[in-house]
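The structure under discussion appears below in the form of structure tokens.
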Amino acid sequence: MSATAPKKHESGNRSPQHQFRVPSAAEVTRVKAGPNLGQRDRSVPYKKPYVLAVLATLLFYLLILAVGTAALAFALTAQEGQTRNAYLIAGLLAATAFTWLVAYLLRRRATCPLCKCTPLLDNLALKHQKARKIWPLNYGNSAVLSILCTQRMRCMYCGTPFDILKVKNKEDMEG
């Protein structure tokens, strides 16, 4: 018998080690269905910055739609009605610029509770592999749209899923 071979225990002399169960192949290859792939949504402790940022961004999007509609009305109206539509377009453009600034500042204030980055604003930092975006939009606008439609988002920097409506559980904090 070689020196490196493990010695067999005799029948009366059992080792006190714990017996661990080896998972089956089905358990190892099983993937939980859903957008988070087995990762639990975390709660956001301060929801007000997220809600204000999403509402301001929604107002900005609606004003862009209003500017487009007013421009279409300007193109389709007769010569005498165009001055009124021109003033309307100028006012909507000013309101859109102001709303963009407010939405930008509010989106900048909403930070990820875990990594302290700004998940509603896209910058040149490296994105997490689980971060997703909708094709014509960037990661920040996709996160705003996700919050607006599903009340959930995933931080594009740390990859952690958050649920805006989830209440922080005090029992989890106690340990």
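Side notes on the structure shown:
- Among residues of segment 90-104 that are among the charged types (D, E, K, R), none has a beta-carbon under 8 Å from a residue that is open to solvent by 80 Å² or more (accessible area, probe 1.4 Å) at least six positions away or on a different chain.
- Residue selected from segment 105-127 under the condition assigned to a loop (DSSP other than H, G, I, E, B) and open to solvent by 60 Å² or more (accessible area, probe 1.4 Å), by the criterion nearest to residue 57 (Cα to Cα): 123
The values are calculated or read from the model by the stated rules, or taken from the named source; none is laboratory data. Nothing here was measured: the structure is a model prediction, and the numbers come from that model. No Cβ is skipped: glycine too gets one built from the backbone with ideal geometry, and neighbour counts run over all protein chains shown. For the accessible areas, the whole protein counts, side chains as well, though only heavy atoms, and no ligand, DNA or RNA atoms are used. Shrake-Rupley method; radii C 1.70, N 1.55, O 1.52, S 1.80 Å.
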